[in-house]
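The values are calculated or read from the model by the stated rules, or taken from the named source; none is laboratory data. Note that the structure is a prediction, hence the values are computed from the model and not measured. Using ideal geometry, Cβ is built from the backbone for each residue, glycine included, and neighbour counts are taken over all protein chains shown. Side chains included, ligands, DNA and RNA excluded: accessible areas come from the protein's heavy atoms. Shrake-Rupley method; radii C 1.70, N 1.55, O 1.52, S 1.80 Å.
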Amino acid sequence: MSGSSYLLDALPDLAAWGLFGLALCSAIEKLVPILPSIGLFLMLGILGIAHPVDLPAVIAVTAAGSMAGSLFWYGIGRWLGPKRGDLFVLKMTRRLEIKEEWYLRLKRNYHGHPVRATFFGQLVPVVRAYMALPAGVLAIPAPGFAIATFCGALIWNTPFLVSGYLLRQQILAPDTAAPTAIAAIILVNLLVLALLRLCRPSHSAA
């Protein structure tokens, strides 16, 4: 049995611990980024949300768990520092068959807009799982990183958790749950981008 399959099989037992267990599951998704995020949060929605009144608490604790897992890797990055951190990240990208250009591009984005890069990075598969360590290596301010990670995780987790709840209630067909959640994430992402463009000061302004 693969490591990811073993962890997925253990999720029901962890989720049975209530809100703490749900937060732990979402933290594990960041600590061990081989877990499929979509499947995990769909399952947590099925296991952890029995009634609509449970939704806010479950969404909040899973976002907090995601933030906690990211802060662990962020702390490792800060401890490694730029030189050792770059070597570690590049070795990790080769092992995981991720292009080195991804890391270099992430560094450029972080230097210009660290909070914005962190927030939108949480809405991008693969990137959301691996961006915390480079953020620590680059010494992105911790409070901004934590807040942006939490807010991004809220947006990422919510559609999958809601879809899982709808599956539990047999309102949503299993083969449409993930596509529906992904479409919701894309829509929210586009709306946030549009709002940022509208709120951005005009270069021609005096």
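Set the Förster distance to 22 Å, then compute FRET efficiency between A139 and K91 from the Cβ-Cβ distance, nearest 0.05. Don't skip to the answer; put the middle values down first.
Details: r = 20 Å, r/R0 = 0.91.
For A139 and K91, the calculated efficiency is 0.65.
Note on T176 and I76: the extension gain reaches 32.2 nm, defined as 0.36 nm multiplied by sequence separation minus the Cα-Cα distance. The string of couplings for the stretch 125-134 from the Karplus curve (6.51, -1.76, 1.60, θ = phi - 60°) is x, 6, 4, 4, 7, 10, 7, 5, 5, x Hz, one whole number per residue in order, with x for Gly and Pro. Quick one: pull the percentage of alpha-carbon pairs in the stretch 10-165 with a separation above 19 Å. Taking all Cα-Cα pairs of the stretch 10-165, the fraction more than 19 Å apart is 50 percent.
Note on the stretch 23-63: Rg/Rh from Cα positions, Kirkwood definition for Rh, rounded to two decimals, is 0.98. Residue-wise HN-Hα couplings along the stretch 70-83, as the Karplus relation 6.51 cos²θ - 1.76 cosθ + 1.60 with θ = phi - 60° gives them from phi, are 5, 5, 4, 5, 4, x, 4, x, 5, 5, 5, x, x, 5 Hz; Gly and Pro carry x. If you sort C151, C25 by accessible surface, 1.4 Å probe, largest first, the order is C151, C25. In this simple spin-label approximation, A146 and R105 carry label points 7 Å from Cα along the Cα→Cβ vector, and these lie 3.1 nm apart.
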